[in-house]
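K.L.:
Once you've had a glance at the structure underneath, I'll fire off some questions.
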Amino acid sequence: MKIALASDHAAVDLKAELADWLRSEGHEVDDLGPATADRVDYPDFGYKLATTVATGAAERGIALCGSGIGISIAVNRNPACRCALVSEPLSAALAREHNDANILALGARLTGVDMAKACVTAFLSTDFGGGRHAGRVEKLSQPAL
């Protein structure tokens, strides 16, 4: 699977560790940055990740910042993206099964490496359930304003 990752400066180390691990698991990884822990703005990288997934350049995405909150908000500005902020594997699996989440968000200051890997594993190994969930997911990309 082709997976794109993006973070802010607070999550650059977790991003690098996840990228290496995903490659070792046989995935194609697109690291969208940043490359260093120099201060950056999470919306810039969230928008870049959202575009990458929305255009189909990557099948799934992983968004990381200190809490996971800011970058997930940025990603979700794109109507083709369904980014779920999680802190444990059950939520990651349910985000896929019920919400067809295509991007997973994690907080590097709140989630350890082993838990992050468990969340990513659940996210990547769970299929969308469809059925009663399909109509609801479709509405997420077409908000009635």
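K.L.:
Return a yes/no flag: does the range 15-25 have any residue that is within 13 Å of the chain's Cα centre (by Cα), surrounded by 17 or more Cβ atoms within 10 Å (Cβ to Cβ), modelled with pLDDT of 95 or more and hydrophobic (A, V, I, L, M, F, W, C).
P.N.:
Checking the range 15-25: at least one residue is within 13 Å of the chain's Cα centre (by Cα), surrounded by 17 or more Cβ atoms within 10 Å (Cβ to Cβ), modelled with pLDDT of 95 or more and hydrophobic (A, V, I, L, M, F, W, C).
K.L.:
Could you please let me know if Ala101 is more than 26 Å from Asp127 (Cβ to Cβ), hydrophobic (A, V, I, L, M, F, W, C) and free of Cβ contacts under 8 Å to residues at least 40 places away in the same chain?
P.N.:
no
Table: residues versus (1) among the basic types (Lys, Arg); (2) in contact (Cβ under 8 Å) with a residue 24 or more places away in the chain; (3) under 13 Å from Leu106 (Cβ atoms); (4) crowded, with 20+ Cβ neighbours inside 10 Å.
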site	(1), (2), (3), (4)
Ala6	no, yes, yes, yes
Thr36	no, yes, no, no
Val53	no, yes, no, yes
Ala58	no, yes, no, yes
Ile62	no, yes, yes, yes
Ile71	no, yes, yes, yes
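K.L.:
Here is a further query. If you go through the range 118-129 one residue at a time, do you hit one that is within 21 Å of Ser24 (Cα to Cα) and in a loop (DSSP other than H, G, I, E, B)?
P.N.:
Yes, some residue in the range 118-129 is within 21 Å of Ser24 (Cα to Cα) and in a loop (DSSP other than H, G, I, E, B).
K.L.:
Moving to a separate point now. Residue by residue through the range 85-111, note down the ones that are farther than 16 Å from Asp8 by Cα, surrounded by fewer than 24 Cβ atoms within 10 Å (Cβ to Cβ) and aliphatic (A, V, I, L, M).
P.N.:
Result: Leu90, Ala93, Leu94.
K.L.:
Would it be correct to say that Gly135 is modelled with pLDDT under 95, farther than 17 Å from Ile3 by Cβ and either not polar (S, T, N, Q) or not in a loop (DSSP other than H, G, I, E, B) (or both)?
P.N.:
yes
K.L.:
Against the condition modelled with pLDDT under 95, more than 12 Å from the chain's Cα centre (by Cα) and closer than 26 Å to Asp8 by Cα, how does Ser141 come out, does it pass?
P.N.:
Yes; evaluated as a whole, the condition is true for this residue.
The values are calculated or read from the model by the stated rules, or taken from the named source; none is laboratory data. Note that the structure is a prediction, hence the values are computed from the model and not measured. Backbone-built Cβ (ideal geometry, glycine too); neighbour counts: all protein chains shown.
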